[in-house]
Structure formats: structure tokens, C-alpha cells
Amino acid sequence: MTDKSLSAKVTIVSGSLGGGIRTAIVMELSSRGATVVLNYPWAKISEQAVEALIRFKTPGIAIEADLSTLRGPEKLVQETAAKYDRIDILANNASIAFNASLEMQIIEYYFLLTQATLRYLARDSRIVNVVSISARNPPPLQTICAGTKGM
């Protein structure tokens with residue numbers, strides 16, 4: 001018997017294209033019946049996003065939203081909420097590192113997707129943050145990014 005425990009759960013997966021753990025997250029959510037919202041940052045890879053939805057036979061949509069910009073996260077969340085009226089799961093897989101000293105980092109670049117999603121999350125919703133080895137051995141000038149990947 002197939003586990004459909006996420007049937008009808010609306011899930012945003014950031015950084016959802018490109019193979020590896022990205023593909024595994026989308027595949028697992030799809031296999032459990034989730035409605036998956038994929039994001040892609042540039043129009044030139046829109047076909048790749050649509051192909052992923054077809055390949056995994058998941059209900060869902062693909063939304064162009066560059067999460068490395070200040071407006072991208074809000075766009076992704078607004079378009080998802082307009083289509084489904086809610087968000088049940090946010091899978092924070094995308095990350096971006098700005099090479100700058102800690103004093104030069106701008107906090108607005110971090111956690112924007114989580115902040116934008118909060119108002120649409122139901123009481124029993126989930127936020128899943130994908131961590132990285134960079135939290136244990138941070139590259140130079142990536143203090144904040146490394147810190148966010150070690151939650």
C-alpha cells in the first residue's frame with residue numbers, strides 16, 4: 001500500500017530543480033500525494049520545471065521566482081496562495097551565499113521565503129530546512145549562509 005499521508009497538502013519546494021537531494025525531495029513528496037509547487041529562477045528553465053511535474057506525476061504548478069532577489073520569495077508565495085489559498089509545507093532547500101564580511105551582510109537577504117510564507121501556514125503546517133556541511137566548516141565570507149544551514 002502506498003503512503004499517501006500528504007494527500008492534498010500544498011508544498012512549496014525551493015531550489016527544486018537540478019538533481020540530487022532536490023529531486024529526491026520532490027519525488028518523495030509526490031509519492032506521498034502532495035501538491036508540489038516548484039520554483040525556478042529564470043524563464044529559460046521553465047520547461048525543466050514543467051517536465052519535473054510530469055515526470056513525478058504530481059499535481060502542482062511551477063512558478064518563476066528568483067529567490068535571490070528581495071521580491072522573488074513574495075512572488076512565489078503570493079502565486080501559490082492565489083492558486084491554493086494555503087500552504088501546508090515549506091521545504092527550504094534553496095540557499096544563496098553572499099561573499100562579504102559579516103559587517104557587510106544585509107539581513108534582508110536571509111529567511112525571506114520563510115517570512116513570506118508564515119501568514120499562509122495553517123496550524124498543523126511544517127517548515128523543513130535542509131542543512132549543509134557548510135555549517136560545520138563555513139567558507140570564508142559566508143558566515144550567515146553557513147549559520148542558516150546548520151539549524
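Values quoted throughout were computed directly from the atomic coordinates according to the rules given, and no laboratory measurement underlies them. Here the structure is a predicted model, which is why all the values come from computation and not from measurement.
Cross-link partners of residue 4 among aspartates and glutamates, defined as those whose alpha carbon lies under 14 angstrom from its own and excluding same-chain residues fewer than eight positions apart: 28. For residue 126, the residues whose amide H sits under 5 Å from its own are 89, 90, ignoring neighbours fewer than 5 places away on the same chain, with H placed 1.01 Å from N. By the rule of a C-alpha distance below 21 Å, with chain neighbours fewer than 8 residues away ignored, the lysines paired with residue 75 are 9, 44, 83.
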